């Protein structure tokens with residue numbers, strides 16, 4: 001099959017890889033309908049994360065089940081399914097508490113490389129959620145978005161304790177930040193402040209529910225959020241970047257007693273204990289337990305209530321994946337969908 | 001009046017100070033029944049915090065209202081009252097959300113030095129809570145405990161989201177940690193792991209509700225908590241020390257999806273973003289909004305349901321305050337009560 005492999009920073013190749021097959025009795029193999037490039041893939045593409053050997057890329061996926069292992073009970077060949085970037089058993093104590101990305105038996109699905117024609121998904125019954133029937137083509141981007149970027153924005157909003165009537169600020173205008181805006185709207189936020197200096201992203205943020213746009217960053221951005229909130233800061237802040245500056249911007253934009261939901265993969269971040277102590281800001285983040293939200297998110301997509309697939313502003317066939325990486329790296333595209 | 005003044009690290013003197021009086025129409029002046037030495041007073045006593053000029057000490061207080069300003073409506077002379085270390089208006093948005101220690105009009109009561117015969121309390125109506133009637137002497141220590149050390153342990157347990165049936169670990173065996181144990185019990189925890197290597201503190205922890213004692217610190221302590229919790233860690237962890245080691249011990253003792261409530265005043269703490277991200281541990285801490293809990297805590301003390309005053313294992317008259325500091329510094333006493 002064809003699959004995307006990163007050979008070195010900036011060196012994305014689409015090449016023949018071995019077809020995945022069922023290895024464990026709890027595995028499924030799916031034929032992808034679509035996959036995509038994640039902001040977190042850029043950490044390796046840019047050389048921030050080491051690339052020591054050719055690495056199959058991708059961890060977002062939706063498609064049709066081809067084959068299942070002997071012990072798979074709920075997932076059946078022919079079903080259209082969506083899963084998350086960590087396979088989880090969905091039965092352990094941690095899964096049952098809603099943190100499937102910390103499942104005691106978790107397996108990174110991304111190790112298999114989801115930017116490919118086929119993908120092996122471990123722990124299929126715990127990981128995959130089937131759609132009610134085969135989706136029409138126009139629903140596929142939104143279902144794919146549920147696999148990670150929507151689920152991650154949603155978790156950030158839940159972790160930031162977005163409640164009806166709340167004022168929410170969103171740090172980061174990538175796909176996750178934009179879908180954090182959408183999640184905040186769906187969860188009943190009254191005011192949503194999107195922090196962005198890119199016109200096309202501001203526009204999509206507004207369409208997703210942002211009521212205010214702040215273009216300043218760092219201290220300037222914090223001051224703007226404070227000014228919009230009577231000097232107090234937002235009740236809930238979504239952090240979707242992962243740098244020291246963005247984390248501090250998020251914490252400082254939050255009022256005492258408020259919460260930050262942070263989902264940007266942290267890189268070289270050290271949180272000053274004393275400032276955090278006196279801030280009275282609650283923190284929760286990490287790899288989003290997308291599986292917790294998948295049934296609900298699929299329902300919302302299926303009913304047409306939300307259209308998260310709009311974050312894909314570039315669509316390419318799988319064999320032109322390198323163009324997608326380049327466009328995202330140069331911030332010409334918010335997120336690239338790869339048709340398979 | 002007599003009051004405690006710290007002249008330099010280790011140099012505690014009880015000397016004549018000017019009698020406090022009503023300065024603002026929202027002030028009250030109280031005659032203290034008792035006050036005490038706080039673990040956080042030791043940061044200055046030990047020279048970890050700078051002492052640049054003679055500093056009146058103390059921020060924990062309970063006593064009888066002597067005089068109130070013209071605008072004080074709810075608090076009346078002759079009432080026995082308990083307050084917290086930050087005066088708060090208890091009406092602003094932040095107070096109403098339960099974070100009175102971040103009140104937009106807050107004033108540190110400690111600046112007046114509560115280790116004294118009299119104390120001026122700003123924002124009296126928002127800050128002070130009266131007891132149903134004049135307490136008997138034996139209730140005074142527990143009412144005084146509510147002023148800070150019980151309220152702080154209670155906040156830590158609430159911030160750590162202690163729920164009925166939960167497994168809780170407590171890092172720190174000072175008065176706050178011990179009362180965190182008591183709070184966890186009152187909030188319905190099923191299992192409470194106290195981390196302590198001092199026999200007298202272990203004993204009090206057990207009497208307050210601890211079901212397990214762990215003597216190891218750092219990695220060893222974490223491993224012991226993991227072993228007691230099926231490898232997962234505790235649901236809720238109370239941090240009551242404030243050092244880098246104790247914060248990391250608390251975070252690493254918590255299961256994914258669990259929460260740390262941290263109330264040890266942070267000193268030279270930097271939390272590694274990446275580890276925190278992958279931990280899935282929720283963090284909330286800071287100066288405890290004791291005022292939120294005071295009415296409930298006073299009720300529980302008044303009814304005899306709890307006896308937090310037992311953390312005072314040394315009682316001295318105010319003029320022997322220096323002995324109390326010394327005993328706490330040398331860990332010969334958990335907490336010193338000063339009678340006035």
* To do: Please state which one of A:304, A:273, A:264, A:218 is outside the structural domain of residue A:97 (by TED's automatic domain parsing) and on the phi > 0 side of the Ramachandran plot.
  => A:218
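Being touching a residue at least 60 places away in the same chain (Cβ under 8 Å), surrounded by 17 or more Cβ atoms within 10 Å (Cβ to Cβ), over 13 Å from residue A:329 (Cβ atoms) and outside the structural domain of residue A:173 (by TED's automatic domain parsing): is that true of residue A:33 here?
Values: touching a residue at least 60 places away in the same chain (Cβ under 8 Å): yes; surrounded by 17 or more Cβ atoms within 10 Å (Cβ to Cβ): yes; over 13 Å from residue A:329 (Cβ atoms): yes; outside the structural domain of residue A:173 (by TED's automatic domain parsing): yes.
Here the answer is yes, as residue A:33 does meet what is asked.
Restrict the check to the stretch A:301-319 and report whether at least one residue is at pLDDT 95 or above and farther than 27 Å from residue A:200 by Cβ. I'd like the intermediate steps shown before the answer.
Within the stretch A:301-319, the subset at pLDDT 95 or above is A:301-319.
Next, only the ones that are farther than 27 Å from residue A:200 by Cβ stay: A:302-303.
Within the stretch A:301-319, one or more residues are at pLDDT 95 or above and farther than 27 Å from residue A:200 by Cβ.
Criterion first (surrounded by 19 or more Cβ atoms within 10 Å (Cβ to Cβ) and not assigned by TED's automatic domain parsing to the domain that holds residue B:174) does residue B:27 satisfy it? Quick ask: steps written out before the conclusion?
Numbers: surrounded by 19 or more Cβ atoms within 10 Å (Cβ to Cβ): yes; not assigned by TED's automatic domain parsing to the domain that holds residue B:174: yes.
Taking the combined requirement at face value, the residue satisfies it.
Yes/no matrix, rows are residues, columns are (1) within 14 Å of chain B (Cβ to nearest Cβ); (2) outside any loop (DSSP other than H, G, I, E, B); (3) over 29 Å from residue A:297 (Cα atoms):
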residue	(1), (2), (3)
A:189	no, no, no
A:200	no, yes, no
A:223	no, yes, yes
A:226	yes, yes, yes
A:230	yes, no, yes
A:246	yes, yes, no
A:256	yes, yes, yes
A:264	yes, no, no
A:274	yes, yes, yes
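Yes or no: the stretch A:45-59 includes at least one residue that is within 28 Å of residue A:265 (Cα to Cα) and in a strand (DSSP E or B). Write out each step before concluding.
Of all residues in the stretch A:45-59, those within 28 Å of residue A:265 (Cα to Cα) come to A:45-59.
So of that shortlist, the ones also in a strand (DSSP E or B) come out as A:55-56.
Yes, that holds for at least one residue.
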* Asked: If you check B:104, B:4, which single one turns out to be touching a strand residue (DSSP E or B) at 6+ places or on another chain (Cβ under 6 Å) and modelled with pLDDT of 95 or more?
  -> B:4
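Which residues, counting only those in the stretch A:93-146, are within 14 Å of chain B (Cβ to nearest Cβ), touching a residue at least 60 places away in the same chain (Cβ under 8 Å) and buried (at least 20 other Cβ atoms within 10 Å of the Cβ)? Can you show your working first?
Within the stretch A:93-146, the subset within 14 Å of chain B (Cβ to nearest Cβ) is A:93-106, A:108.
The next check asks that each one be touching a residue at least 60 places away in the same chain (Cβ under 8 Å); those that pass are A:95, A:98-102.
Of everything in the stretch A:93-146, those that are within 14 Å of chain B (Cβ to nearest Cβ), touching a residue at least 60 places away in the same chain (Cβ under 8 Å) and buried (at least 20 other Cβ atoms within 10 Å of the Cβ) turn out to be A:95, A:99, A:100, A:101, A:102.
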* To do: Answer yes if at least one residue in the stretch A:301-318 is part of a loop (DSSP other than H, G, I, E, B), away from chain B (no Cβ under 14 Å), under 30 Å from residue A:130 (Cβ atoms) and in contact with a strand residue (DSSP E or B) (Cβ under 7 Å, 6 or more places away or on another chain), and no otherwise.
  => yes
* Do we find a residue being at the interface with another protein chain (Cβ under 10 Å from one of its Cβ atoms), buried (at least 17 other Cβ atoms within 10 Å of the Cβ) and not in a strand (DSSP E or B) anywhere in the stretch A:77-91? -> no
* Asked: What single numbered condition from (1) within 12 Å of another protein chain (Cβ to nearest Cβ); (2) surrounded by fewer than 18 Cβ atoms within 10 Å (Cβ to Cβ) fails to hold for residue A:331?
  -> (1)
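For residue B:278, are the conditions met, namely being part of a helix (DSSP H, G or I) and assigned by TED's automatic domain parsing to the domain that holds residue B:189?
On the way: part of a helix (DSSP H, G or I): yes; assigned by TED's automatic domain parsing to the domain that holds residue B:189: yes.
In short, yes.
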* Return the residue satisfying two criteria in turn: it lies in the stretch A:202-219 and is touching a residue at least 24 places away in the same chain (Cβ under 8 Å) and in a loop (DSSP other than H, G, I, E, B), and of such residues it is surrounded by the fewest Cβ atoms within 10 Å (Cβ to Cβ). => A:217
* To do: Could you list all residues from the stretch B:276-300 that are away from chain A (no Cβ under 14 Å), in contact with a helix residue (DSSP H, G or I) (Cβ under 9 Å, 6 or more places away or on another chain) and without any contact (Cβ under 8 Å) to a residue 40 or more places away in the chain?
  => B:296
* Return yes or no: is residue B:336 crowded, with 17+ Cβ neighbours inside 10 Å, at pLDDT below 95 and either within 13 Å of another protein chain (Cβ to nearest Cβ) or within 16 Å of the chain's Cα centre (by Cα) (or both)? => no
* Among (1) crowded, with 19+ Cβ neighbours inside 10 Å; (2) at pLDDT below 95; (3) not in a loop (DSSP other than H, G, I, E, B), the one test that residue B:12 misses -> (2)
* Scan the stretch A:232-244 residue by residue and report those that are buried (at least 22 other Cβ atoms within 10 Å of the Cβ) and either on the phi > 0 side of the Ramachandran plot or assigned to a helix (DSSP H, G or I) (or both). => A:233, A:242
* Report yes if residue A:297 is in the same structural domain as residue A:143 (by TED's automatic domain parsing), in a helix (DSSP H, G or I) and at pLDDT 95 or above, otherwise no. => yes
* Asked: Given the conditions (1) within 7 Å of another protein chain (Cβ to nearest Cβ); (2) closer than 18 Å to residue A:158 by Cα, and given that residue A:234 satisfies all but one, which numbered condition is not satisfied?
  -> (1)
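The values are calculated or read from the model by the stated rules, or taken from the named source; none is laboratory data. What you see is a predicted model; the values in this text were computed from it and never measured. Here the Cβ is made from the backbone with ideal geometry for all residues, glycine too, and neighbour counts use every protein chain on show.
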